[in-house]
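The values are calculated or read from the model by the stated rules, or taken from the named source; none is laboratory data. The shown structure was predicted, so the numbers you read here are calculated from the model rather than taken from an experiment. When we count neighbours, we look across all protein chains shown, and the Cβ atoms used for this are built from the backbone with ideal geometry, even at glycine.
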Amino acid sequence: MLDAVMRDLRQALRSLRATPGFVLIAVLTLGIGIGSVGAVYSVVSGTLLKPLPYPDADRIVRIHRENREKPTFGGPVSQPLLDAWRSGTHEAFAAFGAFAGATANFRAGDAPAERLVAYRVTPDFWRVMALAPQVGRYFGEAEEASGEAVVVLGHGFWQKRFGGRADIVGSEVLLNGVAHRVVGVTASAFRYPGTVDVYVPTHLVASAADADSSYLSVIARLAPGVTLAQARAAMEVVGARLRAADVGRYDGLDARLTALSSVLVSDVRQPLLVLLGAAALVLLIACVNLANLLLARGAVRRRELAVRAALGAGKARLLRLVLAETVLIAVAGSVLGLLGAAAAVPLLLAGAPELMPSHSAIGVDAGVVAASVAVAVTTMLAFSLLPALRAAGVAPVGALNEEGRDGSGGRERSRLRGLLVAGEIALALVLLAGAGLLIESLRQVGRADTGVVADGVLTATFVLPTAHDPFAGDFTENYKRHSALLATRLDAVIDRVAAMPGVEAVALSDALPLSGMDNVSSAMQVVGRDGPSAEAGANWRFVNPGFLRTLRIGLVAGRNLDRSDARPGEFPATVMVNQAFARRFLPEGDPIGRQLTFLGGPKTIVGVVADSRTMGYEHAPVPEVYMHHAQAIQTQFSLALKVSGDPMAQAQALRRALAEVDPAMPVFAVRTLAEMGAAGLALRAFNLRLMVAFSAVALLLAAIGIYGVIAGSVGQRRREIGLRQAVGARALDIHRLVLGTGLRMIVPGVVAGVLGALALGRLLAAQLYGVGSADPGVLAAVVAVLGLVALAACLIPARRAARVAPMEALRRD
């Protein structure tokens, strides 16, 4: 049996060597299809399908504060609200934790200061995640209550900075100039809220933080036997009690509970599924092309198989020969596809390093490769064995006579190939339309009015080293002391940077426009109103007086902040608001002179500024309140420098200037404002690049398919064309004849493709900006592109047919 199999494989190999062009196209087509699906599905599987690396991860939920009357205002919570939720739902949750972003400066010896990714977490945060530490332990209630400076190191930071030393526990590291005792190291799989360098306590017990300040993100673990619906009901009971007890503060309060796994992939789920669908369409087009290739090969080999049958080969022998050829092509194409997928996955990740969730474990998925190979091999078997079966069932003399009359194997087969090509055209048009919509959407995003002028602006972020915890102790006293300390240091930074040659203006803020950085949000009371209408919500922005001029943000009414508003060591007394705030919360009358109560007392509005898009090009402006930088207590700030000439030419000079102010001050994210804005479009650009690549492959495969069918049709009708020419047909007539054959495939394919494009547009609607899902301009453009490519594929065999001499065509009969 083995000898027979090997004999069939050797015979198949000799047969395939006689047609290297067919083998090359078949293997490449199969490899492209399998590689495309394998690469994209590997990313989808590692990101969306594999479970999170935490025990019973499906029981972990994120809880966001919401407001029923103001759906856009919500997110983190204040300490009092966290305490109320936690104490009122202890039966629904086994653990109820919180975390907040922090800044941590790390400096070892004389090395430059380094900014670490740090988070403040409550002791229950560790119980929620329930993943044991790699080394040591996690800090608990004792350290949280005492205010002790302890730290848990992230696994990656431990490996990079301390070589994975097990004796690190008990030693000290300097963070923000303060010695922190290391109590543990997270496991390598622990990557929440992201890839974190250090975790420190929140010290909420020792803090009396302002109740209006919402900065804590909430995470919880469902108690055994409690469903998500039951937990939501428990949160609603607490919310109703809070709304009744404090209408002014908690009016409209609601909570949204979402599985952690869904939250982590919420931004990438739909784009990745769309890309997987696009890759599947490429595989389908590849299979259709394979079918056409195999049908054409079956027609060409019909005479050969008849000869073999005439010489005594039985039906089983003929089928084994065709099966052996199919297996060889399938193996070669599958290996190529596997290698392509393995090479493509790192390229995909390199093109989107910050887009994939930190928990993703991505590698080539063997399951999807096996499924893709099975689909392709099934296609190959169906369309290669069918001609062999038909040839084996026909008398050899009849097959030879038919071959003598018609080298293509019959019109029935040509019609089938034409239907397959029409399907290719439809699928290619769907992909082209998807790419066209994404291209137009990205173009519209780029044209959005951001409210700032990014040309000639260099940005950088820095962290002020401070040994004082701005969130520990009595909030009022701490705020005044810390803001007075920071004000002097921030002024020194601004003055030094402004003195750099070529710098025309300097802006400072804790969150620049286009940065995508959210900030502290706060509930505010509009003085002079009563009830729910008195409540407002906005993000805080601490800015210097040069902020508007540097970024060329318009002043709509009133005045800009100036030195008289600084008041270091005191709560702010004056603020500016943006137009979005004025429209939503002060729609009647002049906002100038109105007062808002938050952060220590009433504040007078002295200016209204034009809207700018802090969260990026795609996000509408949100209500914002601007305060003088002298009242800031954050330690991380960003600079924007309006410079003459190339902004990046000033990068090194900026680093040197900031090092002169404080060598221990980490400086990072030095880039132009335009680059900062483009970073917010990274996911959109990533999707676009892949859709364009898939569309180009689909268009190429469709063109090859059209060309193959038309060329086969010309061969089939060679005698007819010769007769037409002999009775006076001109080259134009021959062109019309051949192009008519092509149009009978192209037109149905385009019609079906337009219908598919409309369906795809609806699926892409959530990813589109400034363009409809059925944009007529995009559809017209892709139909025109596909039509031109298809007609070009028809024109080549048409020109060849018109150049054939009539006698040469007739001589073959």
Of the residues in segment 126-148 that are surrounded by 18 or more Cβ atoms within 10 Å (Cβ to Cβ) and more than 19 Å from residue 53 (Cα to Cα), the one that is modelled with the highest pLDDT is 139
Among the numbered criteria (1) over 30 Å from residue 107 (Cβ atoms); (2) at pLDDT below 85; (3) touching a helix residue (DSSP H, G or I) at 6+ places or on another chain (Cβ under 6 Å), which one does residue 464 miss? (1)
Pairs needed: first member in segment 369-381, outside the structural domain of residue 33 (by TED's automatic domain parsing); second member anywhere, crowded, with 16+ Cβ neighbours inside 10 Å and outside any helix (DSSP H, G or I); C-beta distance under 9 Å; at least 6 residues apart or different chains. none
Segment 1-13, residues that are modelled with pLDDT under 75 and loosely packed, with under 15 Cβ neighbours inside 10 Å: 1, 2, 3, 4, 5, 6, 7
Check residue 514 against each of (1) under 26 Å from residue 617 (Cβ atoms); (2) modelled with pLDDT under 85; (3) in a loop (DSSP other than H, G, I, E, B) and name the one condition it does not meet. (2)
Selection status of residue 195, buried (at least 22 other Cβ atoms within 10 Å of the Cβ) and either modelled with pLDDT of 85 or more or not polar (S, T, N, Q) (or both): no
Residues being without any contact (Cβ under 8 Å) to a residue 24 or more places away in the chain and not basic (Lys, Arg) - total across segment 557-600: 6
Here is a list: 791, 758. Which entry is part of a helix (DSSP H, G or I) and in contact (Cβ under 8 Å) with a residue 40 or more places away in the chain? 791
Six or more apart or on different chains, Cβ under 6 Å: which pairs go from a residue in segment 727-747 that's within 25 Å of residue 288 (Cα to Cα) to one that's modelled with pLDDT under 65 and surrounded by 14 or more Cβ atoms within 10 Å (Cβ to Cβ)? Could you list them? 738/801; 741/713
Counting only residues that are within 15 Å of residue 784 (Cα to Cα) and either in contact with a Lys or Arg (Cβ under 7 Å, 6 or more places away or on another chain) or at pLDDT below 70 (or both), segment 401-444 contains a total of 0
For segment 221-263, name all the residues that are outside any helix (DSSP H, G or I) and either modelled with pLDDT of 85 or more or in contact with a Ser or Thr (Cβ under 8 Å, 6 or more places away or on another chain) (or both). 221, 222, 223, 224, 225, 226, 227, 255, 256, 257, 258, 259
Against the condition modelled with pLDDT under 75 and farther than 21 Å from residue 274 by Cβ, how does residue 812 come out, does it pass? yes
Test residue 752 against the stated conditions and say whether it is surrounded by fewer than 18 Cβ atoms within 10 Å (Cβ to Cβ) and at pLDDT 85 or above. yes
